[in-house]
1. Given the Cα-Cα distance of Arg193 and Asp149 and 0.36 nm per residue of separation, how much length would full extension add, in nm?
2. Along the charge dipole of the chain, pointing to its positive end and built from +1/-1 on Cβ of Lys, Arg, Asp and Glu, which listed residue (Met46, Val25, Gln79) has its Cα farthest out?
3. Given H placed 1.01 Å from N in the peptide plane, which residues other than close sequence neighbours of Val258 have an amide H under 5 Å from its amide H?
4. Positive end of the dipole of the stretch 163-302, charges at C-beta (+1 Lys, Arg; -1 Asp, Glu), about the Cα centre: which of Val167, Leu216, Val244 has its Cα farthest in that direction?
5. In Å², what does the accessible area per residue of the stretch 1-120 work out to with a 1.4 Å probe?
6. Quick check on the chain: take the gyration tensor over C-alpha atoms, sort the square-rooted eigenvalues as a ≥ b ≥ c, and tell me if it's rounded (a/c under 1.5), prolate or oblate.
7. Figure the gain on full extension for Leu236 and Asp88 (residue separation times 0.36 nm, minus the Cα-Cα span) and round it to one decimal in nm.
8. Rounding to the nearest 20 debye, state how big the charge dipole of the stretch 1-117 is about its Cα centre with +1 on each Lys and Arg Cβ and -1 on each Asp and Glu Cβ.
Amino acid sequence: MKRDFLTLWDVSEEEIWDLIERARVLKKASSEGALIQTLKGKILGMLFMKPSTRTRVSFEAGMYKLGGQCIFMTSKETQLSRKEPLSDTARVLSRYVDGLVIRTYAHKEAEELAMYSSIPVINGLTDSYHPCQVLSDLLTIWEKKESFDFPIAWVGDGNNMAHSWIVVASRMGLHLKVATPKGYEPDSDIVNRAKKAGKGKIEITNDPFEAVKDALVINTDVWASMGKESEAEARLEAFKGFQVNRDLLQYASDEAIVLHCLPAHRGEEISDDIMEDFADVIFDQAENRMWAQMALLEWLLI
Ligand code: CP
Ligand code: NVA
């Protein structure tokens, strides 16, 4: 039976570990010059309703590295723009390609695509979740710390990234502290499900200092996600005090690293100096999108 990857609920803890391990093997083998062609003959369709740099290029490059090919589409270029139902599009594309990545607004569109597709569907970001990014974040933390046994902080918006971190904390038994301004907390259904289902420790606060206290990983993201542009000005005001900067990091562990899924808005959610101090980690994190997704593609498409 086909598997989808719409949220981190779709994979077990063991499968997440397998993906991290396989990503590390692929990364090392590639650095040693090995040619791994496990996806030769496979085609990945990519249907994007929002812009992307990392997700698009890391999936395409990863697919090519493994011997496969990609077809990239925006909704504007397909008959979706002329009201062809997603359910029909899903059944048609399933006849041509071996897997699909969707980036869209409402998460239920990704679910609908998956429901009507006979091939695996991967969530390349919806308004509610960004699971591929969190796979890459886990790989990056493992590379840097070889452990997840410490507090991990999320500072900023209770958005798609925060939601995926909450789910993975529950899946993997992580200690996650999420700090958002009042009114920008993560979705309470997602938080409650994660708290009930998992073995993780998930704390939600409106105090960024409390969240970063003793944390070894500090995670942030833009204050106005794609689709929230009209709220950007109001959010600048609401998120004052939630910038990841030197003052805030004084409360974290001395060994703390900063992660950012990118794109970053320097001077808003992260100060320019902290972005530069942790640039090596943050750009490794961006690179790791590709290795983590190559492992994911092998797992789903073979
Ligand atoms: N982090 C991330 O998903 O970046 P893109 O929007 O560039 O794909
Ligand atoms: N939360 C951001 C992530 C971008 C990769 C957004 O949805 O725009």
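The values are calculated or read from the model by the stated rules, or taken from the named source; none is laboratory data. Just so you know, these numbers come straight off a predicted model, no measurement behind them. Glycine also receives a Cβ, built like all others from the backbone with ideal geometry; neighbour counts cover every protein chain displayed. Ligands, DNA and RNA are stripped out before the accessible areas are found, and what is left, the full protein with its side chains, is counted by its heavy atoms. Shrake-Rupley method; radii C 1.70, N 1.55, O 1.52, S 1.80 Å.
1. Numbers: separation 44, 0.36 × 44 = 15.84 nm, distance 2.20 nm.
Stretched out fully, the Arg193 to Asp149 stretch lengthens by 13.6 nm.
2. Gln79
3. Under 5 Å from the amide H of Val258 lie the amide H atoms of Ile218, each far enough along the sequence or on another chain.
4. Val167
5. Working: 6330 Å² over 120 residues.
That works out to 53 Å² per residue.
6. Working: a/c = 1.74, a/b = 1.38, b/c = 1.26.
Here the chain falls in the prolate category.
7. Values: separation 148, 0.36 × 148 = 53.28 nm, distance 4.08 nm.
Length gained between Leu236 and Asp88: 49.2 nm.
8. Dipole magnitude for the stretch 1-117 comes out near 500 debye.
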